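These notes are about the structure you will find just below.
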Amino acid sequence: MRRARSRRNGASPALPEELIVWEILVRLPAKPLLRCRAVCRSWRRRTSEAGFLLAHHRRQPSLPLVTFHGQLPSQHSHAVVVDASLDTLDLRQLCPSQRQPVLRFNDYNYYHDFSVHASCDQWTALPRLTGADGAMLYPHTTSGEYRVIYWKGSRRPGVLLRGCLHWLFHVSPEKVLVVFDTVAESFRSMPCPIAADWTNPIPQLLVVDATLAVSWMDESQTMMKLWVLQDYETGVWTLKRRVILPVVEVWSVVRCRLYGMVVSQDGDVLHHHPESVHLFHSDNKGELVQKLCWSRVFPRPAGHWFRESLLRHDFFGRQYGTRAMRQPRFFRGL
């Protein structure tokens, strides 16, 4: 009896549950958090509330998405994609960067559009529309719905900021940004900071420190420039950074034209070629951080970022005329 009492007196005090939930559990990645729900009913209840799930989502890192696919030769001008995946690349882990699976396609094709909530294994098919090459999903705050905008002739991803979708309109002779107001559902244009011909390579639109930004690799492939929008209302841009690219180190491995894409708030750049199995990571000082290589698959930065979320959405349960469509095997192999 005395020995049991001494053990209780010597035990360290338990942490308050409020501290555990809002300082520890809220910072965990999605999978460890789901395992912690099994500890007790109280943790399960509190970590399932919408307020906690939203706070957990906001604390998760935004990781760049990279597509990986294999190709077979075809009679047509384009190769046939036979297998594909969409993974995140955690550049904070440099030995090498950790590749985390998001989606897997073993029956990949270009003929159907889907909206996918990878963290919760939710999906829904989007309505078919002929003649449109690209689609963007945006929240419509007035109705509480998610809506889809199709844009003919553009495959570049749009950027959502201040309730507006932005993307570069490189087809027109005028160098402008197209802006779509998701509340008023109206279009307008915004000046672009690049005056030179940027049809090849095409600039990239992104968000840096909650500000709209444009990155562009010059024709010599030796420098990456980054502009930020100093004044959103007047459309005034500022050249924030010039990064000299590690051309010598890259060309010692791959002697072909590479394309660069800024993939972090700190100015990290991923270099790739559509027909190369290599991916090069350089920092904002132009130094080559790591060389990544995969066997028989071709990596390509997607231009999107992935942040884990356990919030479920009701609209994923809706199906638009897809009764005969079997469920796509997005999550096989994860």
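The values are calculated or read from the model by the stated rules, or taken from the named source; none is laboratory data. In this text, all values refer to a predicted model and were calculated from it rather than measured experimentally. All Cβ positions, glycine included, derive from the backbone under ideal geometry; neighbour counts span all protein chains shown.
Which ones in the stretch 252-276 are closer than 19 Å to PHE298 by Cβ and surrounded by fewer than 17 Cβ atoms within 10 Å (Cβ to Cβ)?
Once the filter is applied, which keeps residues that are closer than 19 Å to PHE298 by Cβ and surrounded by fewer than 17 Cβ atoms within 10 Å (Cβ to Cβ), the stretch 252-276 yields VAL253, ARG255, CYS256, ARG257, PRO274, GLU275.
Tell me, which residue of the stretch 291-312 that is under 19 Å from the mean Cα position of the chain (by Cα) and of a type in the set (Lys, Arg) is farthest from ALA50 (Cα to Cα)?
Going through the qualifying residues, I end up with ARG300.
Looking only at the stretch 64-106, count every residue that is within 26 Å of ARG312 (Cβ to Cβ) and at pLDDT below 60 and tell me the total.
Within the stretch 64-106, residues that are within 26 Å of ARG312 (Cβ to Cβ) and at pLDDT below 60 number 1.
May I ask you to list pairs of residues, at least six apart or on different chains, whose Cβ atoms are under 8 Å apart, with the first in the stretch 234-250 being closer than 19 Å to VAL176 by Cα and in the same structural domain as ASP209 (by TED's automatic domain parsing) and the second being among the β-branched types (Val, Ile, Thr) and part of a strand (DSSP E or B)?
Final answer for the pair search is TRP237/VAL214; TRP237/VAL228; THR238/VAL228.
Consider GLN221 carefully, then state whether it is in a loop (DSSP other than H, G, I, E, B) and not hydrophobic (A, V, I, L, M, F, W, C).
yes
Is there a residue being surrounded by fewer than 18 Cβ atoms within 10 Å (Cβ to Cβ), at pLDDT 85 or above and either outside the structural domain of LEU89 (by TED's automatic domain parsing) or not basic (Lys, Arg) (or both) anywhere in the stretch 304-327?
So far as the stretch 304-327 goes, yes, one or more of its residues are surrounded by fewer than 18 Cβ atoms within 10 Å (Cβ to Cβ), at pLDDT 85 or above and either outside the structural domain of LEU89 (by TED's automatic domain parsing) or not basic (Lys, Arg) (or both).
Kindly list, by first and then second residue, each pair from a residue in the stretch 31-52 that is surrounded by fewer than 15 Cβ atoms within 10 Å (Cβ to Cβ) to a residue that is not in a loop (DSSP other than H, G, I, E, B), limited to pairs with Cβ atoms under 7 Å and residues at least 6 apart or on different chains.
SER42/GLU17
Test each condition in (1) modelled with pLDDT under 95; (2) of a type in the set (A, V, I, L, M); (3) buried (at least 17 other Cβ atoms within 10 Å of the Cβ) for LEU25 and report the one that comes out false.
So LEU25 meets the others, but not (1).
Please go through the stretch 236-290 and give me each residue that is farther than 15 Å from MET217 by Cβ, among the aliphatic types (A, V, I, L, M) and more than 24 Å from the chain's Cα centre (by Cα), ordered by number.
If the condition is that a residue be farther than 15 Å from MET217 by Cβ, among the aliphatic types (A, V, I, L, M) and more than 24 Å from the chain's Cα centre (by Cα), then VAL236, VAL248, VAL253, VAL254 are the ones that fit.
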